[in-house]
1. Using 0.36 nm times the number of residues separating Asp288 and Thr226, minus their current alpha carbon distance, what extension gain do you get?
2. Between Leu50 and Leu239, what is the FRET efficiency for a Förster distance of 41 Å, r being their Cβ-Cβ separation, to the nearest 0.05?
3. Give me the number: length gained by fully extending Leu21 to Ile216, i.e. 0.36 nm times residue separation minus the C-alpha to C-alpha distance, one decimal in nm.
4. Can you bin every Cα-Cα distance in the range 147-236 into 5 Å intervals starting at zero and give me the percent of pairs per bin, rounded to whole numbers?
5. With a point put 7 Å past each Cα toward its Cβ, work out how far Lys9 is from Ser104 in nm, to one decimal.
6. Show me 83-92, 107-116 ranked by packing, highest mean number of other Cβ atoms within 10 Å first.
7. Run the quick spin-label model on His194 and Leu273: label points 7 Å from Cα toward the beta carbon, then report their separation in nm to one decimal.
8. Under 17 Å from a label point 7 Å along Cα→Cβ of Tyr142: give me every residue in the range 11-55 with its amide N that close.
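What follows draws every value from the coordinates through simple rules; no lab data is involved. These numbers come from a predicted model, not from an experiment. Using ideal geometry, Cβ is built from the backbone for each residue, glycine included, and neighbour counts are taken over all protein chains shown.
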Amino acid sequence: MPSSSLNKKLVLTYSLWNKLLALLGLALAFLLAWIGFLSNFFLLEVSCILLVAYIVWWSLDIIAVESITFYPDKIVRSMWFGQIIIPTHALMDVSSRSRNSGESLRFFHGSSKNIRESIRVANNFLSPELRLWLDSYRRNIYRLGNFSSSPLSSNSAVCVEFDKAVSSFRFMAVLTAVYLLVYVIYATMLYWQHPVFAGYAPQLPAWPVRLLIVGIALAAYPLLQTLAKPPAGVPNYSLRVAQAQQQAFRSALIANGVAWLGLPLFLLCGNRLDFYLLLSIGGLYHYDFYPRLSTWESVLQAAPETRPVQATVPRRSMQVSLALLGGLSLANYHGNPDDFRIRQQDCVDDQGNPIECRSSGGHGGGSSSSYRGNGSADSHSSVRRGGFGFFGGSHSSFGG
């Protein structure tokens, strides 16, 4: 029994019976592909092939999985040919239907577009007990909502650049869909024009030509591995991001270009299996080198070394300046209060007798009230604002 309360680890496995059911579905998928291939209705043929490709991908995701282990900081899916590990600091889960119906649940790292860093759990292939454990784990350990969560902002720099790279691959996928439509139209025309189409170059040896094209397709794999690595040794931030985007576009172009080699080979040799062989290799390349969000996190995690630093403008520069000057004035006031007072003995009449001093009321006056010179607290209340009189009082309303 899995224990998520003691060691915070949950291990899910598919039973042998469920894997046999998936294997049976895989066999039925190949039977469906063969029926579509023999129909000579090329639109149906392509549709069956695409459907079979999805069923094969779904079945292998059940058959090849040994276990799926959930940790607080990561999720590990162990398979026959390796492991897939995704972190959980930006985890989200997405499901297309209600969780009570036992459908598949898919965990993504950061974004639902990040299909290469995702792990699918087929709930309908789990026992009811394991479903409850999984639901409890994702709610109590991962703190995920009822349907989905989006921990990363779509406006963040990582998500923006990642979406651009994904757009390159999706654009190439659209071109491949157009390419399939061209194949359907052209193959239909050939079917109407030729009783048996043996290719436009039947004099060429079929196997050497086929091996040459397949060799070119396989030689693209090391190149794609090189393009999948983040740019290294590029100190400029903008240049590093631009180079990474170029690598993503070239990866999409090469992966789909391998798929596009199938139509020329079919036209040369006249064998439709050549077309689908190259289409399968290109499809695997497209999926395997699809952009990963963690790659873009590593590209953008380095601080931009040559990016111009923008000086932040003080929000209240005038008020700060006035406060500093007022503080200086107030310090002088505490040091020698008589310097900031209108001394009574300086006010005399025409005969030289002391009289009561009054403010002039001009723009530089300290206060609109008259100064009585009686030493009361009200006698210099305006001066206590920092020596700025009216303007000091007006700017004080803006805050610090």
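1. 21.0 nm
2. Values: r = 39 Å, r/R0 = 0.96.
My answer for the efficiency is 0.55.
3. Numbers: separation 195, 0.36 × 195 = 70.20 nm, distance 3.71 nm.
Length gained between Leu21 and Ile216: 66.5 nm.
4. Final binned percentages: 3, 9, 8, 12, 16, 14, 10, 9, 7, 5, 5, 2, 0.
5. Here the answer is 2.7 nm between the modelled labels.
6. 107-116, 83-92
7. Those two pseudo-labels are separated by 1.7 nm.
8. Label zone hits: 11-14.
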